[in-house]
Amino acid sequence: MTKTKLTNAITNCASKGEKAFVPYIMAGDGGLEKLKKDILFLQEIGVTAIELGIPFSDPVADGPVIQAAGERALSEGVTLKKVLETIRDIKEEIAIPIVLMTYLNPILAYGIERFVEDAVTAEVSGIIVPDLPLEESGLLKPTLEKGEIALVPLVSLTSPTERIEKIVAAGEGFIYAVTVNGITGVRSSFESKLDLHLQQLKEVSAVPVLAGFGISTAEQVRSIGTSVDGVIVGSAIVQALHDGAYETVKALVHAAKEPLVAN
């Protein structure tokens, strides 16, 4: 049910002529008491789902803004267990899918079976594990499948066609199309081959394709959104929430509801 909830939330946007908008936030940035406030704010302004980052001491895919947010959360004593407990306690108020973004080590330390049990109780819909390659996904996938939690794959710009097809075939919930080579963070421009990369993913994927990494302005949300089913915005959202710039967040979400017409 939770896997279906995630995919349906994204495809429902298309039926309204909109693109999905998934903000990434760092769980516990500002304390766990702020997490409920941030989730309910984002839900109220119309986001499709929320990618909820788990703070980790060695975040290899994260740029400086998200790393700083993770360090703030760690200084508050935030852990994967505490995040799941927080979501569980407010799940009756959450109507949109929650997707966890965590590295593998916190899951292994937690215990895979126990982690999935607690994620199911918290009604988590999906999980993204950036340091878990396709070849090692069997470590988590069978247990996640029992809990109906989607294992959302990342596909990089450098992945060859044969590998893309394998990753996409195993994909659940949605396909996370990485739009840059490198870590997260604000970008002023993207590689010329990005459109072709996104088009290729759309052609071979049976589930929605969302683009993320580097997207930080309303114009980028609209322009990149024309090629895919929606976008994920991380660093710009994390910084805006930290600064209390809620109008900035609203403008980014609104841009997904009015995508540019593709040429």
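The values are calculated or read from the model by the stated rules, or taken from the named source; none is laboratory data. Everything numeric in this text was worked out from a predicted model, so none of it was measured. Don't worry about glycine lacking a Cβ; one is built from the backbone with ideal geometry, like all the others, and counts go over all protein chains shown.
Computed values, structure above
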read-out: Residue count, the range 213-245 (criterion: assigned to a loop (DSSP other than H, G, I, E, B) and either buried (at least 24 other Cβ atoms within 10 Å of the Cβ) or not polar (S, T, N, Q) (or both)); value: 8
read-out: Only listed residue being at pLDDT below 95 and in contact with an Asp or Glu (Cβ under 6 Å, 6 or more places away or on another chain), chosen from 189, 216, 227; value: 227
read-out: The one condition in (1) crowded, with 19+ Cβ neighbours inside 10 Å; (2) closer than 30 Å to residue 194 by Cα; (3) among the β-branched types (Val, Ile, Thr); (4) touching a residue at least 40 places away in the same chain (Cβ under 8 Å) that residue 127 fails to fulfil; value: (4)
read-out: Hits in the range 3-25 (condition: of a type in the set (Val, Ile, Thr) and either at pLDDT below 90 or assigned to a helix (DSSP H, G or I) (or both)); value: 4, 7, 10, 11
read-out: Verdict on residue 86 being within 27 Å of residue 221 (Cβ to Cβ), of a type in the set (S, T, N, Q) and touching a residue at least 24 places away in the same chain (Cβ under 8 Å); value: no
read-out: Residue check, residue 81 surrounded by fewer than 24 Cβ atoms within 10 Å (Cβ to Cβ) and within 20 Å of residue 248 (Cα to Cα); value: no
read-out: Test for residue 120: is it touching a strand residue (DSSP E or B) at 6+ places or on another chain (Cβ under 7 Å), within 14 Å of residue 5 (Cα to Cα) and of a type in the set (A, V, I, L, M); value: no
read-out: Residues (assigned to a helix (DSSP H, G or I) and either under 16 Å from the mean Cα position of the chain (by Cα) or closer than 23 Å to residue 177 by Cβ (or both)) located in the range 120-137; value: 134, 135, 136, 137
read-out: Number of the exception - residue 55 against (1) within 15 Å of residue 237 (Cβ to Cβ); (2) crowded, with 24+ Cβ neighbours inside 10 Å; value: (1)
read-out: Extreme residue, farthest from residue 57 (Cα to Cα), among residues of the range 99-126 that are among the β-branched types (Val, Ile, Thr) and in contact with a helix residue (DSSP H, G or I) (Cβ under 6 Å, 6 or more places away or on another chain); value: 121
read-out: Within the range 38-114, helices (runs of 4 or more DSSP H) holding 2 or more residues that are closer than 27 Å to residue 138 by Cβ and at pLDDT 95 or above; value: 80-90, 104-110
